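The structure appears below as structure tokens.
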Amino acid sequence: MNYWLLLLPVIAGFIGWITNLVAIKMLFHPRQEVNVLGIKIQGIFPKRQAQFAQKLGKLVSEELLSFDEIARTISSPQNLEKLSPLIESHVDHFLRQKLSAEMPMISMFIGDKTITKLKAVFMEELTTLFPSLMTEYAGELKQQLDLEAIVTEKVAGFSSDKLESILLQIMSREFRFVEIIGGVLGFLIGLVQVAITVLTA
């Protein structure tokens, strides 16, 4: 048996690992387009950064931060219920303290029963007003803030180093897994080649 054949799986594993490593590196490098033997080469992300930014901006504005969803959330009865104690406290403070300070004559005729009734009227009116007010506010915010344009501009303006750093922080484990899988598959293919060679010798 040719013992040099035993090196074949190791060599194949190394080739599989280095091939995947180079493929991952080429996601980000070279930063600028280079010409190699008439073939133009550039990292995928630097080359497609503008398209990536545009797609991400569209995804964020339509799926992740939908103004319609924001409007439904902030105008929900549950949110009003959470805010009610704070609002009622402010109304109470206004009727008992500020009103008496600003308009002493009127406050002389307002007792606890009247304050309680006024608070009830204010809170009932707020229950009707709050959803429409928040929905209108979200609509105004949507017109003022173009999320798609903001995200697209920010991502398109990232330096290649920053973009690579962000993606590596998110996907470093996955990239390492791809490298290892390349080595393992290459090693297994090498073992198969050794087996075939030995069996057909």
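The values are calculated or read from the model by the stated rules, or taken from the named source; none is laboratory data. No experiment lies behind these values; they were computed from the predicted model shown. Every residue, glycine as well, gets a Cβ built from its backbone with ideal geometry; the counts of neighbours run over all protein chains shown.
Some observations on this one:
- Residue within the range 43-58 that is modelled with pLDDT of 80 or more, surrounded by 16 or more Cβ atoms within 10 Å (Cβ to Cβ) and outside any helix (DSSP H, G or I) present: yes
- The residue pairs whose first member lies in the range 188-200 and is under 10 Å from P9 (Cα atoms), whose second member is among the charged types (D, E, K, R) and in a helix (DSSP H, G or I), and whose beta carbons are closer than 6 Å, counting only pairs six or more residues apart or on different chains, do not exist in this structure.
- Residues within the range 24-42 that are exposed (fewer than 14 other Cβ atoms within 10 Å of the Cβ) and part of a helix (DSSP H, G or I), tallied: 1
- From the options I110, I115, I87, I70, residue that is β-branched (V, I, T), farther than 30 Å from L27 by Cα, assigned to a helix (DSSP H, G or I) and free of Cβ contacts under 8 Å to residues at least 24 places away in the same chain: I115
- Evaluation of E136 against the conditions (1) surrounded by 16 or more Cβ atoms within 10 Å (Cβ to Cβ); (2) acidic (D, E); (3) at pLDDT below 80 shows that the sole unmet condition is (1).
- Any hit, the range 158-179, residues being surrounded by 13 or more Cβ atoms within 10 Å (Cβ to Cβ), over 30 Å from P46 (Cα atoms) and at pLDDT below 80: no
- Of the numbered criteria (1) free of Cβ contacts under 8 Å to residues at least 24 places away in the same chain; (2) in contact with a Gly (Cβ under 9 Å, 6 or more places away or on another chain); (3) among the basic types (K, R), the one R31 fails is (1).
- Scope the range 78-100; condition more than 27 Å from the chain's Cα centre (by Cα), modelled with pLDDT under 75 and either loosely packed, with under 12 Cβ neighbours inside 10 Å or within 29 Å of D146 (Cβ to Cβ) (or both); matching residues: L80
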